[in-house]
Amino acid sequence: MPNEFSSFLQDFLGVLAGDTFYNNAPLTAYLNRSTNDRSGDEANIVDDKITGVLIGALGYALGERQYNLAHTGGKRTDFTVLIPEYPRPCFVTESKNTATLRLEKHLPQLVDYMRSRGAARGMLINGKRILTYEFAGGTPVGTGDLALAELVAKWRGESLLAGGKIGEDALDYGDKVALQAFWQRFRRDAFSGLPALIQDLTLTPAGAPHALDGSTWPQESRINIHGPGEAEFVANLINESRELIREIQYDVAAQLSLRLAEYKEYERELDKRQSGASTFTSEFKHLVATLDQRLESWGVAAGLRASLRSRADAQFYGTDDRKVYAEIKKAAAGAVQEVAAALTGKHKKTKKQIDTHVRLVEDAVDAVQSLIRSYHARRKALSASYAQAVRVHSLYEQWRERVATLILRTDEPARLVREFSADRLRPLRADADGAYRRRQGPDAARLHERRHSALV
């Protein structure tokens, strides 16, 4: 882990976990106060003691953050972070008090501030969570979700998940991936690095532009320039490629973890019924079980009952397919015929009595299908909000069935995320392999071997 990253963790989580955070107590103790005590702490706690500390830990000076800045339309962002090397705000933040429950519902406000300030990245912070977003094709996309309260509890060794450890050692793989990706995306160097590189390549040590005839390049360059034939060139390329791939892998792993968490939220939201009395899944199982019990008590064959159950399951857990509805109706009609035959022959029931029992079966089938339709209507309503999470989950599950189950033979979430992230980067590594193999010279094999051992 880079020393700079460890310093960030200490300067941020270490401060929030310290006994001097507020009133001689850490953040975790403060959050145990009643909701009423914390409902108005947006400025004095979230802004001052959390967001301000975070921005400083990311490497920004006091003069590079504008607080409560008024801009177009009288809007005020809590923090707008600007640096001389970057042409627009690096990011903006919007704080909410620590009693806020659904932090994500304030995304429209953050997006409005991001657009009005011209910032591509932004944060929502309430002291318990940090949600991060950036624009992708003009659409805000979530890039991180830090469970800040749990991270601080681990840092102090107060969480059961800390395993008896404290500080950085108490953080697990998922924590470090999320924090590393966050730090890479928002640290000052992420915004100042490119302008500095451009200056290094275009200016002399005296600050003057290089001569157009090339007479000052590379003799008077501000940085050491090595040609393709020099050993330093290859060594630098190996190191920089390794660092770049490592950073990308952290970001891929963090994005995957976030999308999988969003998919779990999608499943929870999908299963909720407006009545709140039960979930779609529990009600579906109850209705199917009730139908099956009725059919069994009236002598319907086990095979036909099983066929009806499997079709109902396929329709509920699968796609909204009209053909399956028709198959359910057909199977139900067969069941109704069996009920009528059993009641007429074995039980000697009258037509009126038979009609009553048949209606009970038909009503039970209609109840199952009505619930299935409501379930798929809710799925359609949620699909737009969770489209990316659903797509990523589908790709991940396909990969897990193809690779993890057959080759890795593990269900450990952290390892699966790590392996999936590495797998996504194999084309990039293959391209790099090809470039190194095409390199001419007697030491080609040795250089390729060095690169392979450094990156794999």
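The values are calculated or read from the model by the stated rules, or taken from the named source; none is laboratory data. Keep in mind the model is a prediction, meaning the values are calculated, not measured. Because the Cβ atoms are built from the backbone with ideal geometry, glycine has one as well, and the counts that use them run over all protein chains shown.
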Exercise. Tell me, which residue of the stretch 61-112 that is aromatic (Phe, Trp, Tyr) and in contact (Cβ under 8 Å) with a residue 40 or more places away in the chain is surrounded by the fewest Cβ atoms within 10 Å (Cβ to Cβ)?
Worked result: 86
For this session: Determine which single condition residue 374 fails, assuming it passes every other condition in (1) in the same structural domain as residue 293 (by TED's automatic domain parsing); (2) at pLDDT 80 or above; (3) farther than 23 Å from residue 288 by Cα; (4) among the hydroxyl-bearing types (Ser, Thr, Tyr).
Result: (3)
Problem set entry | Count - residues of the stretch 27-52 that are outside any loop (DSSP other than H, G, I, E, B) and surrounded by 13 or more Cβ atoms within 10 Å (Cβ to Cβ) | 16
Seminar exercise, completed: Within the stretch 260-298, residues basic (Lys, Arg) and assigned to a strand (DSSP E or B) come out as 272
Exercise. If we scan the stretch 306-319, do we find a residue that is closer than 30 Å to residue 387 by Cβ and not in a helix (DSSP H, G or I)?
Worked result: yes
For this session: Check 403, 365, 417 and return the single one that is modelled with pLDDT of 80 or more, in a helix (DSSP H, G or I) and farther than 30 Å from residue 294 by Cβ.
Result: 417
For this session: Only residues in the stretch 137-148 that are in the same structural domain as residue 104 (by TED's automatic domain parsing) and charged (D, E, K, R) count as the first member; pair them with residues that are surrounded by 13 or more Cβ atoms within 10 Å (Cβ to Cβ) and modelled with pLDDT under 90, Cβ under 8 angstrom, at least 6 apart or cross-chain, and list the lot.
Result: 145/258; 145/261
Exercise. Does residue 69 satisfy the criteria of being in a helix (DSSP H, G or I) and within 27 Å of residue 120 (Cβ to Cβ)?
Worked result: no
Exercise. How many of the residues making up the stretch 92-130 are out of contact with any Ser or Thr (no Cβ under 8 Å at 6 or more places or on another chain) and among the acidic types (Asp, Glu)?
Worked result: 2
Exercise. In this structure, is residue 242 closer than 30 Å to residue 130 by Cα, free of Cβ contacts under 8 Å to residues at least 40 places away in the same chain and of a type in the set (Lys, Arg)?
Worked result: no
For this session: Pick out, from the stretch 108-189, the strands (runs of 3 or more DSSP E) lying fully within it that include 1 or more residues that are over 28 Å from residue 64 (Cα atoms), in contact with a Phe, Trp or Tyr (Cβ under 9 Å, 6 or more places away or on another chain) and among the hydroxyl-bearing types (Ser, Thr, Tyr).
Result: none
For this session: Run down 164, 174 and say which single residue is surrounded by fewer than 20 Cβ atoms within 10 Å (Cβ to Cβ), in contact (Cβ under 8 Å) with a residue 60 or more places away in the chain and within 21 Å of residue 6 (Cβ to Cβ).
Result: 174
